[in-house]
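Visitor: Below is one structure. I have some questions about it.
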Amino acid sequence: MKKLALGMMLLVGGGLAWRAMHSDAPDPKLIFDRFWVDHMPRSPDEKFQPFFINSEFPFGRFVVRTQWTGAFEEFHYHVIPREPGVLDLLFGATREIQRVRYTARPCHEHGFDYCLDIAGTSRGVKRYYSKKEWGPAHSEAEGLAKLHLAE
């Protein structure tokens, strides 16, 4: 009887450990140091919207670009203590502050490995995607290099 109980405990414990390692649960830290895009551009002239937020220095960038041209707006951010998935963004050019809520999680959509949903900002798009090999990145330029190497 003890062997059966021990076997059941090991089985349940192993199942819980496997689920924790393979979970699609949100991870607030995934947003940082990762190159995100709204979609994979199919040509050098196609516009796409990258997003990047640095963990070492509190800044990030919303971008609209092609392979050769682009425009960006940078922001300074503050992490909101005890509220995972919430940031205050300060846009220096307009002095506007926006509180955003985000969910970053593993997913398997459109050939990507991660999904990022953002609400509360008038910039960018509402959903971004990333791949495992696109992080950690320390700058948007490093992320763009990884994007072009993946083509």
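Visitor: Among the residues of the range 89-138, which ones are within 18 Å of Glu74 (Cβ to Cβ), surrounded by fewer than 17 Cβ atoms within 10 Å (Cβ to Cβ) and either within 11 Å of the chain's Cα centre (by Cα) or without any contact (Cβ under 8 Å) to a residue 12 or more places away in the chain (or both)?
Guide: Scanning the range 89-138 gives Thr94, Arg95, Glu96, Ile97.
Visitor: Can you list the strands (runs of 3 or more DSSP E) lying wholly within the range 37-151 that have 3 or more residues being at pLDDT 95 or above and either hydroxyl-bearing (Ser, Thr, Tyr) or out of contact with any Gly (no Cβ under 7 Å at 6 or more places or on another chain) (or both)?
Guide: Fully inside the range 37-151 and qualifying: 59-65, 70-79, 86-91, 96-106, 114-119, 127-130.
Visitor: Could you list, in sequence order, all residues of the range 26-36 that are over 13 Å from Lys131 (Cα atoms), part of a loop (DSSP other than H, G, I, E, B) and not charged (D, E, K, R)?
Guide: Pro26, Phe32
Visitor: Can we say Gly124 is of a type in the set (Gly, Ala, Ser) and touching a strand residue (DSSP E or B) at 6+ places or on another chain (Cβ under 8 Å)?
Guide: yes
The values are calculated or read from the model by the stated rules, or taken from the named source; none is laboratory data. All figures in this text were calculated on a predicted structure; none of them were measured in a lab. Glycine also receives a Cβ, built like all others from the backbone with ideal geometry; neighbour counts cover every protein chain displayed.
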